[in-house]
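The values are calculated or read from the model by the stated rules, or taken from the named source; none is laboratory data. Keep in mind the model is a prediction, meaning the values are calculated, not measured. Note that each Cβ is placed from the backbone with ideal geometry, even for glycine, and that neighbours are counted across all protein chains shown. Side chains are part of the model used for accessible areas, which takes the heavy atoms of the whole protein and leaves out ligands, DNA and RNA. Shrake-Rupley method; radii C 1.70, N 1.55, O 1.52, S 1.80 Å.
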Amino acid sequence: MPEPYDVITMGRIGVDLYPLDIGVPLARVETFGKFLGGSPTNVAVAAARLGRRTAVITRTGRDAFGEYLHQELRGFGVDDRWVTEVEAYPTPVTFCEIFPPDDFPLYFYRQPKAPDLEIHPSEVDLDAVRDARIFWMTGTGLSAEPSRAATLTALRARSESARGGSARSDSARRESARSEDPAREPRTATVFDLDWRPMFWDGGDHSSVAPARYREALAHATVAVGNIDECEIATGEREPHAAARALLAAGVELAVVKQGPKGVLAVHRDGSTADVEPLPVEVVNGLGAGDAFGGALCHGLLAGWDIARIMRYANAAGAIVASRIACSSAMPVPDEVDRALAEGAVTADPTYGPSGAAS
């Protein structure tokens, strides 16, 4: 049986077209950088940059931008075998404006429908999803069919397998019965990135179905990650500790509440808590920092670190990306995170170019 992936993510993908002019309205921008984008895809990239074996389940259009995304995934070391084409819809693009330190408007072009919302349950390799040490899905994947059904099918496969259910394939059961190889590390987490994007939901901020869909997914997850707004959609709570308690009550083992400039709160079902301040950073572009945080969170969970160490490491990874223009190509390698932690701050690097190195 193939070696399980460290991380499999599922959901959004697209092309980010980010201005290389900082502090300039989009209408006046003359030069753009082209990057791989989409939150769960960037999380797979971030974990790969930290040395983890990763893959992504998603779909693109059958077009040149789709070819570009395959090229970028392979370049970052992310397995693209489950990135398939949709004939009917174009690969989406996303623009942003960059007004440091805290204004980064996003403009999504995902009409009439994004291919990554056309993932069907029958197309998901459930054996690979069950065996992955971490499976990462997002709230956006719950916003439309057939993506919602596919995402919930993957989540149920994980939770049924954890309970010893019968959904596992005959071949996987035979493999499990034949050998308990100590070198094959056990599954670590099923992560629900709350990822609230109201523009993707019918009703937007007032969607009547989103909270119920979030609760349904939380019942199958072991880790929930989100900012205050996202936690409110999932639980109805905005106060960080109350939101964390509500997430635990919904079924997860670890609740991670991101609070922006106030840092991050992590609460585990075993009673351990970490309330970690952010690493000081000269912000260039805050977009992508959360995805770097996610990849580093996966890395720390896989390493078996305590939650305080994981949060400090993830904060540092996010701060590094916030100090750069790009998202995917800005994801740090371990030496960069270690250096940021040792120095206690991150200096802005707006020259960090599309190639992933200073230009």
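Over region 240-321, with a single point scatterer placed on each C-alpha, what log10 of the ratio I(q)/I(0) does the Debye formula yield at q = 0.22, 0.23 1/Å? Rounded to two decimals, the profile gives -1.02, -1.09.
DSSP beta bridges fully contained in region 55-153 are about 50 percent antiparallel. Per residue and in cubic angstrom, what volume does the convex hull of the Cα atoms of region 57-156 have? Considering the Cα atoms of region 57-156, their hull volume per residue is 136 Å³. Taking each residue as 0.36 nm, the span from ASP338 to TYR107 lengthens on full extension beyond its C-alpha to C-alpha distance by 79.8 nm. Peptides 68-77, 199-208, 53-62, 319-328 ranked from most to least packed by the mean count of surrounding Cβ atoms within 10 Å: 319-328, 53-62, 68-77, 199-208.
Across the alpha-carbon atoms of region 103-147, the computed radius of gyration and Dmax are 13.7, 42 angstrom. Protection proxy ranking, highest mean first, for peptides 248-254, 300-306, 141-147: 141-147, 248-254, 300-306, where packing is the per-residue count of other beta-carbon atoms within 10 Å, averaged. Placing one identical point scatterer on every Cα of region 180-272 and ignoring solvent, what is log10 I(q)/I(0) from the Debye formula at q = 0.22 Å⁻¹? Relative scattering, expressed as log10 I(q)/I(0), comes to -1.04. Taking all C-alpha pairs of the chain, those more than 26 Å from each other amount to 47 percent. Computed from point charges on the beta carbon alone (+1 for Lys and Arg, -1 for Asp and Glu), the dipole magnitude for the chain about its Cα centre is near 760 Debye. Residue-wise HN-Hα couplings along region 300-315, as the Karplus relation 6.51 cos²θ - 1.76 cosθ + 1.60 with θ = phi - 60° gives them from phi, are x, 4, 5, 6, x, 6, 6, 5, 5, 5, 4, 5, 5, 5, 5, 4 Hz; Gly and Pro carry x.
Share of pairwise Cα-Cα distances greater than 29 Å in region 205-359 is 21 percent (whole percent).
HIS241 contributes about 80 Å² of solvent-accessible surface, heavy atoms of the protein only, 1.4 Å probe. Taking the dipole about the Cα centre of the chain, with the C-beta of Lys and Arg at +1 and of Asp and Glu at -1, give me whichever of THR31, ALA221, GLN71 is farthest to the positive side. After comparing all options, I get ALA221. Normalised per residue, the accessible area of the chain is 41 Å², obtained with a 1.4 Å probe and no contribution from ligands, DNA or RNA.
A straight chain from LYS34 to ALA345 at 0.36 nm per residue would run longer than the Cα-Cα distance by 109.2 nm.
Its Cα gyration tensor gives region 26-75 an equivalent ellipsoid; the semi-axes, largest first and in whole Å, are 23, 15, 10.
If both residues of a DSSP beta bridge must be in the chain, then about 40% of such bridges are antiparallel. Treating each Cα of region 14-111 as an identical point scatterer and summing with the Debye formula, the log10 of I(q)/I(0) at q = 0.13, 0.15, 0.20, 0.23 Å⁻¹ comes to -0.50, -0.65, -1.00, -1.15. Extending 7 Å from the Cα toward the beta-carbon at both GLU3 and ASP202 defines two label points whose distance is 4.5 nm. Assuming 1.567 mPa s and 4 °C, estimate D for region 187-234 with Stokes-Einstein, Rh taken as the Kirkwood radius over Cα pairs, in µm²/s. This corresponds to a translational diffusion coefficient of 116 µm²/s. Per-residue extension of 0.36 nm, minus the Cα-Cα distance of ALA303 and ASP270, leaves a gain of 10.0 nm for this segment.
Average projection, convex hull of the Cα set of region 306-350: 3.1 square nanometres.
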